[in-house]
Structure formats: C-alpha cells, structure tokens
Amino acid sequence: MKTHKAIALFSGGLDSILAVKWMQSKGYPVHPVFFKAPYLLQERAINYAIKNAINLEIIDVSEEHIKLLDNPVYGFGKWLNPCIDCHSFMFKKAAELMPDRDADYLISGEVLGQRPKSQRRDALDSVSKLSSVKDLIVRPLSQNLLPDTLPIREGWIAKKDMLSIQGRGRLAQLALAEELGIVDFPSPAGGCLLTDRNYCLRLRDLQKHHQDNLHAIELLAYGRHFRLTNEAKLIIGRDEAENETLRHIFQQGIMLEAEDYTGPLGFITGKLKLETLDLALSIFILYHPKAPIFATIDVWRINANKITGKMIKIATKGDREIIKKHLIAYL
Ligand code: SF4
C-alpha cells in the first residue's frame, strides 16, 4: 500500500513543531517547509527545527508574499498582518511543491480558536477556500473538530490519530509537547514582524513614500530608521550583529563610518542632496557618545553591494531633539 506524505507549513512556533512531531510520532511521513519573506523570521524557524531534529526546506517567496500586503482579500489583523490571505497563500505554494516532493496532502499547526481573527472556524474555512486546495488540508491538532478532508476520507491517515485541541489556552499544547519530549520551543508571539507595531510603522512609511520594494522591506528588519526627506532615509545599526547584516545586504546608497570612534554604521538610501547628507551625519554622530562636537566621517558610496567611492565629511553634533523629529518609531 502506498505511503502518503504530507507537506507541513512550518513557522518554528510551538504549534507547527507539534503538528510535525505528532504526525511523525504516528508514523506519517512529513516534509516540513518554511516559506521565507523579509518579515518572517527565518533564523527562528531554522533554530527550532534544528533543536527538534526537524529537516526543514526553506523556500523564498518574498516577491509574491509582499504583493499580499497591497490589498488582501480578508484584510489585516491588528497590524499589517494579512493572516488569512497569508495562510492560504502558503497552502497554495505548498500544494505546488507536492508533485516534486512526492507528497499528497498538506498539514499545518493551526488550532481552532487559537487566534481571535485568523483561526476561528469561519476563518479556517476562508483560508482553505482561498487556497483552492481545501480538500487536501489537514490540521492535526484540531482536525477532529473540523470536517473530514480527502486524506481522512481516503484512509491515508486515520481519524483516530487526529486531535481535538481548541481555544486560546496553551495547556493542551504544553501537555502534548511534554508527551512528545519537545522541550525547546519559542514563546507564543514573535515569528512575524507584520505583528510588530514599530516594524509596521516603518513599513507604512515606505508605502506612503512609494518605496516599498523588496530590498527596502528587507532593510526594515534591522537598525533604527530615520526619514530624512521624501526621497531619503537613514538606517543606523543597533548592535554589531546588525551592522554586519546591514553591511552584507545593503545594495545601493551611502555607508557612513566614524573614523576615530567606535560605534554603529549608518546607511543612507534614496536620492541625496548635500544638505540631506549633513542632516544624516548630524543624526549619525549622536549615536557615537565618545565623539566630540566635530568628528570625521568616512562616506562610502555603495553600488550593487560594492564600494565604488569615498569622501570625507565632518559631522557636527547637535541637539538630540533631532532624533525625535526623524526617527520612525513609537517613542
Ligand atoms: S502572523 Fe504573519 S506569518 Fe503568521 S499568518 Fe499572519 S501574516 Fe502570516
């Protein structure tokens, strides 16, 4: 008899870990996939997959996923999270992978009633319908409370192996984690920056200035962001890791580095006039507490992620009020 394999939507959160481990514990082959986009935290998914001995495939869907933010059929959650559209998109993408991965159906860690908007019974139904692969979807943690789909009707998986978890509490999931020997899992929120209010403020700023292209959205996950003019922005790394990441991914614009004082790097995007550069330098130097009133800054021109030129500028340290005026963040 043919063994039927599932593709699992994997986020790195507890529910997705449980769905994979539960199905595997019952002997069902599962192929977990993480769909990558600039605001979906890949490091977290990889980290918790490794900790739980889960072989994870990562597929970049950034270009398509950011289009969901334009006009999602089912709108947004509390912030800029189009959860119903997002889940159905992921099911659709996972279904496209099925022939190549020799898989026959799809699973997720969705739990009936877990999230007030996106996991109500009608919302789960909307996710399924919008995905166009409704009859192939199984939600092992809650499936006994949901209509049977093809994998159950056909006997590819046994209904008795499905669970009846529901509601916002986490006790049932924690008990199941213990039963399955899962000890490493993240706290409930935090896998998606579209639910982070400061990230969303930065994203709205890009949208307002018609700069919400993929690279600009990628940069949003790192550093402090300042709106300088309608055209130009400044980004300042918050720690060494962010400086390095920004240096690594920054494609086009200006990079700032103080000559004689340790501190963060700065990155300027967009069209830049001389007075805008002076403004950027005056903000940048405020993040170098040991620098005096006048400090020398290396101004590197970056093109296609390569240094193509350099000039030296003097930054003048001014009033910290300037930060409040330009920082894109809830203070
Ligand atoms: S929280 Fe983010 S990743 Fe999760 S469904 Fe919503 S938009 Fe998608």
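Can you pull the one-decimal nm distance between simple spin-label points at Asp278 and Ala304, each 7 Å off the Cα toward Cβ?
3.5 nm
How many percent of the accessible area of the range 144-231 is carbon or sulfur, using a 1.4 Å probe?
Carbon plus sulfur share of accessible area: 52 percent.
Out of the GluC sites (Glu not before Pro) in the range 228-330, which ones are loop residues according to DSSP with at most 16 other C-beta atoms within 10 Å?
Glu231, Glu259
Return the single residue from Phe294, Phe226, Phe284 with maximal mean-square fluctuation; model: Gaussian network over the chain, springs between Cα atoms under 10 Å.
It is Phe294.
Based only on the alpha carbon positions, what is the Kirkwood hydrodynamic radius of the chain, in angstrom?
Kirkwood hydrodynamic radius for the chain: 22.0 Å.
Please state the shape class of the range 66-134: rounded when a/c is under 1.5, otherwise prolate if a/b exceeds b/c and oblate if not, all from the C-alpha gyration tensor.
Oblate, because a/c is 1.5 or more while a/b does not exceed b/c.
Work out how much length Asp135 to Phe76 would gain on full extension: take 0.36 nm times their residue separation and subtract the Cα-Cα distance, in nm to one decimal.
18.7 nm
What does the extension gain come out to for Ala175 and Lys2, with contour length at 0.36 nm per residue minus their alpha carbon separation?
Gain in length upon complete extension: 59.0 nm.
For the chain, what is the relative contact order in percent, using Cα pairs closer than 8 Å and at least 6 residues apart in sequence?
So the answer I get is 15 percent.
On a 0 to 90 degree scale, rounded to 10, what angle separates helix 14-25 from the longest Cα axis of the chain?
Computed tilt is about 40 degrees.
Per 0.36 nm of contour for each residue apart, how much would the distance between Ala241 and Glu64 grow if the chain were fully extended, relative to their Cα-Cα spacing?
60.9 nm
Going highest first, how would you order 94-106, 141-153 by mean Cβ packing within 10 Å?
My ranking of the peptides, most packed first, is 141-153, 94-106.
Please enumerate, by chain and number, the aspartates and glutamates with C-alpha under 13 Å from the C-alpha of Lys117, excluding those fewer than 8 residues away in the same chain.
Cα-Cα hits under 13 Å: Asp85, Asp125.
Working only with C-alpha atoms, what are the Rg and Dmax values of the range 38-80, expressed in angstrom?
13.7, 37
Can you give the FRET efficiency to the nearest 0.05 for Lys324 and Leu214, using r as the Cβ-Cβ distance and R₀ = 35 Å?
According to the calculation, E is roughly 0.75.
For an R0 of 30 angstrom, estimate the FRET efficiency from the Cβ-Cβ distance between Asp125 and Lys160 and round to the nearest 0.05.
So the FRET efficiency works out to roughly 0.80.
Normalised by the number of residues in the range 185-289, what is the relative contact order in percent for Cα pairs under 8 Å and 6+ residues apart?
Contact order relative to length: 20 percent.
Hey, can you rank 212-221, 261-270 by average C-beta count inside 10 Å, highest first?
Ranked by mean Cβ neighbours within 10 Å, highest first: 261-270, 212-221.
Please state the shape class of the range 6-180: rounded when a/c is under 1.5, otherwise prolate if a/b exceeds b/c and oblate if not, all from the C-alpha gyration tensor.
rounded
In Å², what does the accessible area per residue of the chain work out to with a 1.4 Å probe?
Ligands and nucleic acids excluded, the result is 49 Å² per residue.
The values are calculated or read from the model by the stated rules, or taken from the named source; none is laboratory data. It should be emphasised that the depicted structure is a prediction, and the values quoted were computed from it without experimental measurement. Cβ: placed from backbone, ideal geometry, glycine included. Neighbour counts: every protein chain shown. To get the accessible areas, we keep the full protein, side chains included, count just its heavy atoms, and leave off ligands, DNA and RNA. Shrake-Rupley method; radii C 1.70, N 1.55, O 1.52, S 1.80 Å.
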